[in-house]
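**Student:** Please see the structure below; I have some questions.
Nothing in this text is a laboratory measurement; each read-out follows from the coordinates by a stated rule. Model, not experiment: these values are computed from the prediction. Don't worry about glycine lacking a Cβ; one is built from the backbone with ideal geometry, like all the others, and counts go over all protein chains shown.
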Amino acid sequence: MLQVTGLTKRYGRLTALSDVSFVIRQGEVLGLIGPNGSGKTTLFECLGGVLPADGGRVQGDGRVLDAHERSATMFYLPDGIAPWPTQTVRWALDFTVGFFGTPVGPPEGGPHVLSVGSGFSRTVTEVVRDLDLEPLLDSPIGTLSKGQRKRALLAIGLLTPQPVLLADEPFDGLDLRQSRDVARTLRAHAATGRTLVLSIHQITDAARVCDRFVLLSGGRVRGEGTFDELSEVAAAHGAPAADLEEVFLALT
């Protein structure tokens, strides 16, 4: 679906990303795995248009995408933000639907549906149910706990129309039960045809939800593929690995 090639970002003498290349396949859940400081957020900010890259390109259908085409293809959901802190969760979800697409659906107050050209749709009712947001709908976003805010932000991301959703640390601040519920929701969302790219530093969360992985360390890609493919690479390096954590340690 998308080919990222040679993406590089420098801050003076510091190289945050060095020749980063990988592919994003349609309808997959791709995990960007790496420790804090590995360059995951910088990579997302470059892909999402928040930061200018110093080199590299993003291609779709065999041609380089310009800034407008990239913003129409990818929606970047940052970590650790509290948009519209004085507005309620309900307001934020209604605003998202109204801003990105025309609400359609049953008359007489039926649930909104965000219609999108990429062939998938999510109702506000479904998202609220799946992320357990009903008790929070009338709460101002600025009053939410870290985990509550994370679920509200994910709801906003799931209601956007871009074919690719870049979500930075979608499990941060969630307890074990919430993490499992969110993983199930993200898998169900991907099954509708949406492509998800998730930046994750907790490897157990990544193993639970992702189809393929990009291993990032020190601003460089250290491996890309399914767990089985990465396990074969680790074994070829003389480090057989039984789980994703061991694979990551072997390759980085």
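**Student:** Within the chain, what percent of beta bridges assigned by DSSP are antiparallel, to the nearest 5?
**Tutor:** Antiparallel bridges: around 60 percent, rounded to the nearest 5.
**Student:** At R0 = 45 Å, how high is the FRET efficiency between ASP228 and THR86 if r is their beta carbon distance? Nearest 0.05 is fine.
**Tutor:** That pair, ASP228 with THR86, gives E of 0.40.
**Student:** Below 24 Å, Cα to Cα, which lysines can LYS9 reach? Residues fewer than 8 away in the same chain don't count.
**Tutor:** LYS40
**Student:** In whole angstrom, note down how far apart the Cα centers of the stretch 49-76 and the stretch 184-207 are.
**Tutor:** Rounded to whole Å, the Cα centres lie 21 Å apart.
**Student:** Let me ask another. If you count, for each residue, the other Cβ atoms within 10 Å and average over each peptide, how do 146-158, 74-86 line up from highest to lowest?
**Tutor:** Result, highest mean Cβ count within 10 Å first: 146-158, 74-86.
**Student:** So what are the ³J(HN,Hα) numbers for the stretch 193-203, from phi and the Karplus equation (6.51, -1.76, 1.60; θ = phi - 60°), rounded to whole Hz, Gly and Pro as x?
**Tutor:** Per-residue couplings from phi come out as x, 6, 9, 10, 10, 10, 8, 9, 9, 8, 5 Hz.
**Student:** Right, another one. From the mean inverse distance of alpha carbon pairs (Kirkwood) and the Cα radius of gyration, derive Rg over Rh for the stretch 171-252.
**Tutor:** Ratio of gyration radius to Kirkwood radius for the stretch 171-252: 1.00.
**Student:** Which order do the peptides 42-55, 128-141 come out in when sorted by mean C-beta neighbours inside 10 angstrom, highest first?
**Tutor:** The densest-packed peptide leads the list: 42-55, 128-141.
**Student:** Also, quick follow-up: Any chance you could tell me what percent of the C-alpha pair distances in the chain go past 31 Å?
**Tutor:** 24 percent
**Student:** For the stretch 235-252 and the stretch 6-34, write down the distance between their C-alpha centroids in whole Å.
**Tutor:** So the separation of the two Cα centres works out to 21 Å.
**Student:** Using 1/(1 + (r/R0)^6) with R0 = 25 angstrom and r between the beta carbons of ALA235 and ASP211, what's the FRET efficiency to the nearest 0.05?
**Tutor:** Approximately 0.75, to the nearest 0.05.
**Student:** How much FRET efficiency would the formula 1/(1 + (r/R0)^6) give for ARG129 and THR252, where r is the Cβ-Cβ distance and R0 is 41 Å, rounded to 0.05?
**Tutor:** Working from the Cβ atoms, E equals 0.60.
**Student:** What is the packing order of peptides 26-34, 241-249, taking the mean over residues of other C-beta atoms within 10 Å and listing the highest first?
**Tutor:** Those peptides, ordered most packed to least, come out 26-34, 241-249.
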